[in-house]
Amino acid sequence: MSLKQKLQTYFELGAAVSAKNLEDTGAASLLKEESSLITAENEMKPMFILDHAQSLENLKTDGAPGCDFTMARKYLDYAKKHKLKLRAHTLVWHNQTPRWFFAKDYSDLEDAPLVHRETMLFRMEAFIRDYMTFVYKEYPGLVYAWDVCNEAVADDASVRKSLWTQTLGEDYCFKAFEFAKRYNSEDALLFYNDYSSFVPKKRDFILDNILKPLMEHNLVDGMGMQTHLLMDSDLGLYEEALKIYGETGLTLHVTELDIHTPGDDPAHQQALLEKYSELFGIYKRAVEEKTAKLEAVIFWGIRDEDSWLTEFRKEASFPLLFAGDYKRKAIYDQLEGEL
Ligand code: GLA
């Protein structure tokens, strides 16, 4: 039995998909069996949508940023063809967003002066409006959730300093949700998404300074816990965070699950199996005991070979449940047996 079937009464399963995966038939057949949700690993982020030449051209008229949805279309078409639901990741982020988007006259000179709040509010609204309008007009019913704002909180539990705070100001995440809510014509779920969001200091800052103000204005539907874990990540704290986020009544999605595992030998893979088994036990318990409205668990990547962790951790990582020719790893069947 697949994990998708086994867990279907609890939550949906999904995976981040790379541009290379889109070309591989093995990926399509695997996703059919194992997933109902996909996220574009990169190609739906601002740097792949924002179009510099068109933005410069638009300065002659209203000055809205230009968008090119060619890359996004690949994922939208793929999701449609393979009957998968797509997570739109992400609208507003400090990373993978070009500096010129924040610069006066969209200048791409390294030291070009940045725009002020009014201009950046206008650009943010236009970007969100045009992105959402495109998706809803051309692909109705396909996107189930938007990661409206990604990683607005720094590790020391403060608003992360970035080109967003320098131009628009510290309330940029709140503003992003105001605009997303305004143009969300299909009522897809609107998410705040962050990593290490189970660490108490960061968790409490997210709750008090991001989620609660948004909830007071009915602007947010869900909390995305990225869940890039290490072997020694504290799952006690993780379970506590699920409960605490759960108490808000928001929908919870695990948006980017992986567990860094620096070896594919039996000992490392046994440790990985145990960690996933404990984690999925926590997820099932949260649903059974109704401590959290946990509705989706999405792996960050399909196969070990696709994982970003090898580059990021600077050592080979084997953190997922599939490998090679889109085949189940040995630990897959053991995990399925345990759940
Ligand atoms: C963050 C982002 C993802 C991705 C990962 C690394 O978690 O939200 O889009 O970039 O980092 O791959």
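Among the trypsin sites (Lys or Arg not before Pro) within segment 134-167, not one is in coil by DSSP while having at most 10 neighbouring Cβ atoms inside 10 Å.
Note on segment 43-189: lysine pairs with Cα distance below 25 Å, sequence gap of 8 or more or different chains, count 26.
For segment 120-202, the gyration tensor built on C-alpha atoms gives an oblate shape. Its axis ratio a/c (a ≥ b ≥ c) is at least 1.5, and a/b is not larger than b/c. Springs join every pair of Cα atoms under 10 Å in this Gaussian network model of the chain, and among P140, P319, P65 the largest mean-square fluctuation is at P140. Counting only DSSP beta bridges whose two residues both lie in the chain, roughly 15 percent are antiparallel. Between the helical axis of 172-183 and the longest alpha-carbon principal axis of the chain there is an angle of about 90 degrees. Highest mean first, the peptides 294-300, 197-203 sorted by other C-beta atoms within 10 Å per residue fall in the order 294-300, 197-203.
Classify segment 10-53 as rounded, prolate or oblate from the Cα gyration tensor: take a ≥ b ≥ c as the square roots of its eigenvalues, call it rounded if a/c is under 1.5, otherwise prolate when a/b beats b/c and oblate if not. Judged from the Cα gyration tensor, segment 10-53 comes out oblate (a/c at least 1.5, b/c at or above a/b).
Of F101, F69, F312, the residue with the greatest mean-square motion in the GNM of the chain, using alpha carbon springs below 10 Å, is F312.
With a cut-off of 10 Å between beta carbons, the residues surrounding M225 carry a summed charge of -1, where Lys and Arg count +1 and Asp and Glu -1. Which FRET efficiency, nearest 0.05, do D62 and K314 yield, Cβ-Cβ r, R0 30 Å? Calculated transfer efficiency: 0.10. To the nearest ten degrees, helix 117-138 and the longest principal axis of the Cα atoms of the chain are 60 degrees apart.
The trypsin sites (Lys or Arg not before Pro) of segment 33-89 that DSSP puts in a loop, and whose beta carbon has at most 13 other beta carbons within 10 Å, are K60, K83. Tell me, how many Å apart are the Cα centres for segment 237-275 and for segment 82-145? So the separation of the two Cα centres works out to 30 Å.
The tail of the calculated P(r) for segment 43-189, taken as Cα-Cα distances beyond 19 Å, holds 51 percent of the pairs. The 1.4 Å probe gives accessible areas that order L321, L189, largest first, as L189, L321. At the listed q of 0.13, 0.21, 0.23, 0.25 Å⁻¹, the Debye profile of segment 169-244, built from one uniform point per Cα, gives log10 I(q)/I(0) equal to -0.43, -0.94, -1.06, -1.17. Restriction of the GluC sites (Glu not before Pro) in segment 60-141 to DSSP coil positions whose beta-carbon has at most 16 other beta-carbons within 10 angstrom yields E110. Taking the inverse of the mean reciprocal distance over all distinct Cα pairs, the Kirkwood hydrodynamic radius of the chain comes to 20.6 Å. Among L272, L50, L22, the largest mean-square fluctuation in a Gaussian network model of the chain, built with springs joining Cα atoms closer than 10 Å, belongs to L22.
Here is the short version for the chain: C67 have no other Cys C-beta closer than 4.7 Å.
Taking the Cα centre of the chain as origin and assigning +1 to Lys and Arg Cβ atoms and -1 to Asp and Glu Cβ atoms, the resulting dipole is close to 740 debye.
The equivalent ellipsoid that matches the C-alpha gyration tensor of segment 186-339 spans semi-axes of 29, 16, 15 angstrom, in descending order.
The values are calculated or read from the model by the stated rules, or taken from the named source; none is laboratory data. This structure is a prediction, so every number in the text was calculated from the model and none was measured. Neighbour counts are summed over all protein chains in view; Cβ atoms, including those assigned to glycine, are modelled from backbone coordinates with ideal geometry. Please note that ligands, DNA and RNA were not included when accessible areas were found on the heavy atoms of the full protein model with its side chains. Shrake-Rupley method; radii C 1.70, N 1.55, O 1.52, S 1.80 Å.
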